[in-house]
Amino acid sequence: MDTKRITVTSPLLPDLEEFQTLLQEIWNSKWITNNGSFHKQLEKELAAYLKVPYISLFTNGTLPLITALQSLHITGEVITTPYSFVATTHSLWWNGIKPVFVDVDPVTGNLLPEKIEAAITPRTTAIMPVHVYGTPCDIKSIQDIADKYGLKIIYDAAHAFGVEVNGESILTAGDMSTLSFHATKVYNTIEGGALVMHDEQTKKRIDYLKNFGFAGETEVVAPGINSKMDEMRAAYGLLNLRQVDAAIEARHQVAIKYREALKDVAGIRFMEDTAGVKHNYSYFPIFVDETTYGMTRDELYFKMKSQNVLGRRYFYPLISTFATYRGLESARPENLPNAHKLADSVICLPMHHELGDEDVERILSFIIK
Ligand SMILES: *Cc1c(COP(=O)(O)O)cnc(C)c1O
């Protein structure tokens, strides 16, 4: 048995010597956190790279979700997706907001606009969609619904780093968008994240909120939290930004190989690129139709695992099935048939910048019979 372990992802790491040089600068300045020069520089470079007007760095990708909801004074009910990482819904819970789950598109896994509209009640104040796997949501339809009913939109764009439609960032959709720079993501700062907003006033307010609400040495304007990014991770992030394009291109090449090899395998579906969309190849989900393929998703998943090829069942189980949420009316499986079908058939294949041809062939050899 070939026992080389292939993991679903591998962190993009900066060159160690270059990082040490920047660390030396931090040691010299002794400014290690609280909006230091690397923090400022990373905000500037990320705004330019991502083509967004304003961005505020965070210590992870969950606190910007929580802070965005705080800053927009969201209460009552928020419509969201069960087909995501659990942090999406947890951010609502931490704000005392009732999540209302609606079903997703059977192909993309993104929220279905018509189901959003059907789930609106007088208590609905916002929509929290996710661009799952980095595939853009139906931004226009969701905006139309929000405008019609006077709702805010906060996009969990944790998977959508650098994704563009017709040359424009999707991170400017809605009222705010959040990013995660966790080690497992396309672009990482070890732990980290950001909030993208449209105007300077909002950025200022978010910058206060992520620093306990301090607006000056002695003035606290709101019950803020501490979710600041430190100088070490900002410096690390600056170095990773210089190599993220190459990493995305390496992922793209892996996606091309997967698609070419899997296109004739009956019972395995995968996602294609969309014209006009700049994808980031953050994930490569396949969906197993057990009747046609002749094996269940779990059989394939554990077969790969037994050979040290570690895919992940993102997103299984659905958020709506976890103990905290399963009692909700909207969490009933009958309400979410497409989401359940995706969750029960998905495997995200290994996808990162260091996968070689041999690795890809070995992964595929367990899938192609
Ligand atoms: C990773 C992720 C988060 C949370 O980000 P952290 O940086 O791990 O806190 C939130 N939402 C989605 C969809 C994610 O994939």
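At a 1.4 Å probe, what is the % contribution of carbon and sulfur to the accessible area of segment 244-365? It is 50 percent, rounded to a whole number. As an equivalent ellipsoid, segment 102-231 spans semi-axes of 28, 20, 12 angstrom, where each value is the square root of five times an eigenvalue of the C-alpha gyration tensor, largest first. Note on the chain: GNM, Cα springs under 10 Å; of ALA126, ALA234, ALA47, the largest mean-square fluctuation is that of ALA47. Element breakdown for segment 16-241 at a 1.4 angstrom probe: carbon and sulfur atoms account for 55% of the accessible area. Each Lys and Arg contributes +1 and each Asp and Glu -1, all at the Cβ; summed about the Cα centre of segment 16-241, the dipole is approximately 380 debye. For segment 305-321, putting each phi into the Karplus relation 6.51 cos²θ - 1.76 cosθ + 1.60 with θ = phi - 60° gives couplings of 4, 5, 9, 6, 10, 9, x, 9, 8, 7, 10, 9, x, 5, 4, 5, 9 Hz, in residue order, rounded to whole numbers and with x for Gly and Pro.
Proximity of backbone amide H atoms, modeled 1.01 Å from N, is registered between GLY76 and LYS98 at under 5 Å, excluding neighbours fewer than 5 places apart on the same chain. Over segment 1-113, the reciprocal of the mean inverse Cα-Cα separation, the Kirkwood hydrodynamic radius, stands at 18.2 Å. Dividing the Cα radius of gyration of segment 244-365 by 2.2 N^0.38 Å, with N the residue count, gives 1.17. Scalar couplings 3J(HN,Hα) for segment 325-330, obtained by applying the Karplus form with A = 6.51, B = -1.76, C = 1.60 to θ = phi - 60°, are 10, 5, x, 5, 3, 6 Hz; x denotes Gly and Pro. Excluding same-chain neighbours fewer than eight residues apart, the lysines reachable from LYS228 by a Cα-Cα span under 28 Å are LYS30, LYS40, LYS44, LYS51, LYS98, LYS152, LYS185, LYS203, LYS204, LYS210. Loop-resident GluC sites (Glu not before Pro) (DSSP state other than H, G, I, E or B) in segment 233-308 with no more than 11 further Cβ atoms inside 10 Å of their Cβ: GLU272.
GNM remark for the chain: springs join alpha carbons under 10 Å apart, and the peak mean-square fluctuation among ASN166, ASN188, ASN280 falls on ASN166.
Coupling constants for segment 33-50 follow from the phi torsions by the Karplus curve (6.51 cos²θ - 1.76 cosθ + 1.60, θ = phi - 60°), and in residue order they are 7, 6, 6, x, 5, 5, 4, 5, 5, 5, 4, 5, 5, 5, 4, 5, 4, 7 Hz; glycine and proline get x.
What the Cα convex hull of the chain gives, in volume per residue, is 141 Å³.
Per residue, the accessible area of segment 244-365 comes to 47 Å², computed with a 1.4 Å probe over protein heavy atoms only.
Judged by the mean number of other Cβ atoms found within 10 Å, the most tightly packed of the peptides 23-36, 80-93, 144-157 leads the ranking 80-93, 144-157, 23-36.
Candidate cross-link partners of LYS303 among the lysines, defined by an alpha-carbon separation under 18 Å and a same-chain spacing of 8 or more, comprise LYS4, LYS369.
Using a Gaussian network model of the chain in which every pair of alpha carbons under 10 angstrom is joined by a spring, one finds that among PHE181, PHE270, PHE302 the greatest mean-square fluctuation is at PHE302.
The values are calculated or read from the model by the stated rules, or taken from the named source; none is laboratory data. Here the structure is a predicted model, which is why all the values come from computation and not from measurement. Counting neighbours? That spans all protein chains shown, and the Cβs are built from the backbone with ideal geometry, glycine included. We work out accessible area using only protein heavy atoms, side chains counted, and drop any ligands, DNA or RNA first. Shrake-Rupley method; radii C 1.70, N 1.55, O 1.52, S 1.80 Å.
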